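Note sheet for the following structure.
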Amino acid sequence: RASGGRTFFGHPWGLATLFFTEMWERFSFYGLRAILVLFLIAPPSESGLGMAEGTAKALLGVYMSMVYFVALPGGWVADRILGARRAVLLGGFVIMLGHLAMAIPGGAGFVYLGLVLIILGTGLLKPNISTMVGKLYAGEDDARRDSAFSLFYMGINIGSLAPFVVGYLGQDVNWHLGFGAAAVGMAVGLVQYVLGGRHLRGVGDQPGHRLTPAERARFLKITGAVVAAALVVVAVAAATGHLTVDGVTVALTVLAIAVPVGYFGYMFRSHEVSAGERVKLRAYAWLFLAAALFWMIFDQAAGPLNIFAQDNVDLNVLGWHMPASWTQNINPIIVICFSAVFAWLWLRLGDRVSTGLKFGFALIMSGLSFVLMSVASHATHGGTVKVSLLWLIAVYLLQTLGELSLSPVGLSVTTRLAPTAFASQMMGVWFLATAAGDAVGGQVARLQHRFGDVRYFLVLGLFSVAAGLVLFLFVRALRRIMGEGEELAPSRT
Ligand code: GLN
């Protein structure tokens, strides 16, 4: 059977293979993410780890952060050593092992081992599968590629409905059964990826720029040095009693901030970047900062908002107590309902809405969602009254409107503003914005306890709204630098 005949919503069948692989990978990721914090803070009498809330939120933050952080080395490994196709296969396998480790009810050790494996595996899978989607359309028109990415984002969000399964099993039956379900999901994705591999028409079979033997030796030497240095740091920390969960979260947060700062500095100073590219890179740095701020607020869903759902929201529906983690399904449901509307809207509005405007709007939406969280917290009267689920639905609606105007746009902006010399790493650079935002968000969430919910959400919300308004001041300048809406310029100025 020729793969050319069958199409997937008018796209080559290879897109279906990638769509379902990423759908199942996200199933495992968002399934675990929905119950991780609840499991960490649950007392041992309820089979949890009994961790302090602040520590658990910071751990969740750096876990999510590292999942996105490793996209940069993961993209590099595919480009220079493995090729995208094998990187995705190996990554999926390692992710599955990670969820399996967590399925073993063996205490904190298996949990940390599992999280580390999931982080390493996702680095190999996530950036490279997205790159493969783009490569399916090499030499074809951009409209089809944009539409492929919209479909792909849909697959991500169908997979993100995992809390319906993983959350129910984890919270209402047994935590480890939930983690096991995530492993099964990834296994299904892997089988599907192997069986559907022939439809990929060779995409990602070879690394883009295979390392020369000399480069390979240098790579091994540098990797060895980094691993050795890391081991020394860990050993010293352990010997001096600093190897605590809190210590590790702080160290990784510093890393998640330092690496993007260093990487941008490196790109700015690189001789391979032309003066024109440097101007674009400066514009991109501001958008990157806005995106990091956005994810800092947005990804608190799985921590503070999840705990709020558990403690302060009336979850009784038709006489049944819904697992709190089910509130994590609200965002993907709204994405699935609205992404077609947004795709249509952007086409309709065309160049009238620039990227700067979209990013500013996203920050204002996520900010308003936290202002609303503050009002909802107030309505609990200090945690004595359970509030309606409608509050959370409204909060997630605002956030999702923001997400849809930032997340799908971000990647294309990243590729458009990237200096040519760094083009193949830009997928990883875009995910660094999430990495920095999530790590900082996890640390910031420690303040929730000190400030109290009402003030905590209000301060962060107003900060995000203010950042969005500041970005609006630069919309014109950004538009000019990015060459957006040039044909409209004469009539507007
Ligand atoms: N929800 C999307 C995903 O999981 C976007 C995540 C991100 O870029 N931070 O792929």
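The values are calculated or read from the model by the stated rules, or taken from the named source; none is laboratory data. Just so you know, these numbers come straight off a predicted model, no measurement behind them. Methodologically, a virtual Cβ is constructed for each residue, glycine included, from the backbone with ideal geometry; neighbour enumeration extends over all protein chains shown.
Is there a residue being in contact with a Pro (Cβ under 7 Å, 6 or more places away or on another chain), aliphatic (A, V, I, L, M) and surrounded by 12 or more Cβ atoms within 10 Å (Cβ to Cβ) anywhere in the stretch 268-277?
Checked against the condition, which is being in contact with a Pro (Cβ under 7 Å, 6 or more places away or on another chain), aliphatic (A, V, I, L, M) and surrounded by 12 or more Cβ atoms within 10 Å (Cβ to Cβ), the stretch 268-277 yields at least one hit.
I'm checking my understanding of the structure. Among residues of the stretch 311-342 that are within 16 Å of the ligand (Cβ to nearest atom) and among the aliphatic types (A, V, I, L, M), which one is nearest to ASP172 (Cα to Cα)?
Residue satisfying both the conditions and the ranking: ILE330.
Report the residue count in the stretch 350-381 for those that are farther than 22 Å from ALA291 by Cα and assigned to a helix (DSSP H, G or I).
Restricting attention to the stretch 350-381, the residues satisfying the condition of being farther than 22 Å from ALA291 by Cα are 374-381.
Filter once more, so that each one left must be assigned to a helix (DSSP H, G or I): 374-379.
Selection size over the stretch 350-381: 6.
Those residues that are buried (at least 18 other Cβ atoms within 10 Å of the Cβ) and farther than 26 Å from ARG450 by Cβ, I need them from the stretch 36-75; list them, please.
VAL67, TYR68, PHE69, VAL70, ALA71, LEU72, GLY74, GLY75
Is it fair to say ALA229 is more than 28 Å from GLY98 (Cα to Cα) and away from the ligand (no atom under 16 Å from the Cβ)? Steps first, answer last, please.
Values: more than 28 Å from GLY98 (Cα to Cα): no; away from the ligand (no atom under 16 Å from the Cβ): yes.
Taking the combined requirement at face value, the residue does not satisfy it.
Among the residues of the stretch 82-104 satisfying the criterion of being among the β-branched types (Val, Ile, Thr) and assigned to a helix (DSSP H, G or I), which is nearest to LEU115 (Cα to Cα)? Write out each step before concluding.
Just the residues of the stretch 82-104 that are among the β-branched types (Val, Ile, Thr), to begin with: 88, 94-95, 104.
Applying the additional criterion that residues be assigned to a helix (DSSP H, G or I) yields 88, 94-95.
On the way: VAL88: 18, VAL94: 11, ILE95: 9 Å.
Among those residues, the one meeting the criterion is ILE95.
Could you please let me know if HIS242 is within 16 Å of MET426 (Cβ to Cβ) and not in a helix (DSSP H, G or I)? First the steps, then the outcome.
Details: within 16 Å of MET426 (Cβ to Cβ): no; not in a helix (DSSP H, G or I): yes.
No.
Quick one: in the stretch 355-375, of everything that is within 19 Å of ALA477 (Cα to Cα) and of a type in the set (A, V, I, L, M, F, W, C), which residue is farthest from the chain's Cα centre (by Cα)?
Restricting attention to the stretch 355-375, the residues satisfying the condition of being within 19 Å of ALA477 (Cα to Cα) are 355-363.
Subsequent filtering for residues that are of a type in the set (A, V, I, L, M, F, W, C) retains 357, 359, 361-363.
Values: LEU357: 22, PHE359: 17, PHE361: 19, ALA362: 16, LEU363: 16 Å.
Looking at residues that are within 19 Å of ALA477 (Cα to Cα) and of a type in the set (A, V, I, L, M, F, W, C), I get LEU357.
Given MET154, MET186, which one is part of a helix (DSSP H, G or I) and closer than 21 Å to THR7 by Cα? If you could, list the steps in order and put the result at the bottom.
Working: MET186 fails: closer than 21 Å to THR7 by Cα.
So the residue among MET154, MET186 that is part of a helix (DSSP H, G or I) and closer than 21 Å to THR7 by Cα is MET154.
Which one of these does GLN171 not meet: (1) assigned to a helix (DSSP H, G or I); (2) in contact with a Lys or Arg (Cβ under 9 Å, 6 or more places away or on another chain); (3) not hydrophobic (A, V, I, L, M, F, W, C)?
(2)
Restricting attention to the stretch 288-344, which residues are of a type in the set (Asp, Glu) and either surrounded by 24 or more Cβ atoms within 10 Å (Cβ to Cβ) or within 18 Å of LEU368 (Cα to Cα) (or both)? Before the answer, list the steps.
Filtering the stretch 288-344 down to residues of a type in the set (Asp, Glu) leaves 299, 311, 314.
The answer is ASP299, and nothing else.
So which helices (runs of 4 or more DSSP H) are wholly in the stretch 385-493 and hold at least 1 residues that are within 30 Å of GLY350 (Cβ to Cβ) and modelled with pLDDT of 95 or more? Write out each step before concluding.
Numbers: elements: 389-417, 426-444, 447-451, 453-473, 475-482, 489-492.
Answer list for the stretch 385-493: 389-417, 426-444, 453-473.
Within the bounds of the stretch 242-255, is there any residue that is within 25 Å of the chain's Cα centre (by Cα), more than 24 Å from LEU97 (Cα to Cα) and surrounded by 19 or more Cβ atoms within 10 Å (Cβ to Cβ)? Spell out how you get there, then give the answer.
Going residue by residue through the stretch 242-255, those that are within 25 Å of the chain's Cα centre (by Cα) are 245-255.
Now narrow it down to the ones that are more than 24 Å from LEU97 (Cα to Cα): 246-247, 250-251, 253-255.
Imposing the further condition that a residue be surrounded by 19 or more Cβ atoms within 10 Å (Cβ to Cβ) reduces the set to 253.
Looking through the stretch 242-255, at least one residue is within 25 Å of the chain's Cα centre (by Cα), more than 24 Å from LEU97 (Cα to Cα) and surrounded by 19 or more Cβ atoms within 10 Å (Cβ to Cβ).
Residue by residue, here is whether (1) within 30 Å of VAL37 (Cβ to Cβ); (2) modelled with pLDDT of 90 or more; (3) β-branched (Val, Ile, Thr) holds:
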residue	(1), (2), (3)
PRO213	no, yes, no
ALA225	no, yes, no
ALA228	no, yes, no
VAL232	no, yes, yes
VAL245	yes, yes, yes
LEU255	yes, yes, no
TYR263	yes, yes, no
ALA283	no, yes, no
TRP286	no, yes, no
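Quick check on the stretch 38-53. Is at least one of its residues within 27 Å of LEU432 (Cβ to Cβ), of a type in the set (D, E, K, R) and either in contact (Cβ under 8 Å) with a residue 60 or more places away in the chain or within 15 Å of the ligand (Cβ to nearest atom) (or both)?
Scanning the stretch 38-53 turns up no residue that is within 27 Å of LEU432 (Cβ to Cβ), of a type in the set (D, E, K, R) and either in contact (Cβ under 8 Å) with a residue 60 or more places away in the chain or within 15 Å of the ligand (Cβ to nearest atom) (or both).
Sort through LEU60, LEU120, LEU125, LEU82 and tell me the only one that's over 19 Å from GLY178 (Cβ atoms), within 16 Å of the ligand (Cβ to nearest atom) and among the aliphatic types (A, V, I, L, M). Please lay out each step first, then the result.
Values: LEU60 fails: over 19 Å from GLY178 (Cβ atoms); LEU120 fails: within 16 Å of the ligand (Cβ to nearest atom); LEU82 fails: within 16 Å of the ligand (Cβ to nearest atom).
It is LEU125.
Residue by residue, here is whether (1) more than 14 Å from the chain's Cα centre (by Cα); (2) among the aromatic types (Phe, Trp, Tyr); (3) within 12 Å of the ligand (Cβ to nearest atom); (4) surrounded by fewer than 17 Cβ atoms within 10 Å (Cβ to Cβ) holds:
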{"position": "GLU403", "(1), (2), (3), (4)": "no, no, yes, no"}
{"position": "GLY410", "(1), (2), (3), (4)": "no, no, yes, no"}
{"position": "THR420", "(1), (2), (3), (4)": "yes, no, no, yes"}
{"position": "ASP438", "(1), (2), (3), (4)": "no, no, yes, no"}
{"position": "GLN448", "(1), (2), (3), (4)": "yes, no, no, no"}
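Whether any residue in the stretch 112-122 is under 25 Å from LEU15 (Cβ atoms), surrounded by fewer than 21 Cβ atoms within 10 Å (Cβ to Cβ) and either β-branched (Val, Ile, Thr) or touching a Ser or Thr at 6+ places or on another chain (Cβ under 6 Å) (or both) is what I want to check.
no
Only one of LEU200, LEU136 is more than 16 Å from the ligand (Cβ to nearest atom), within 19 Å of MET426 (Cα to Cα) and buried (at least 19 other Cβ atoms within 10 Å of the Cβ). Can you tell me which? It would help to see each step written out before you state the result.
Numbers: LEU200 fails: within 19 Å of MET426 (Cα to Cα).
Criteria check complete, one pass: LEU136.
Please state which of the following conditions PRO163 fails to meet, knowing it meets all the rest: (1) more than 26 Å from LEU89 (Cβ to Cβ); (2) over 18 Å from the mean Cα position of the chain (by Cα); (3) not aliphatic (A, V, I, L, M).
(2)
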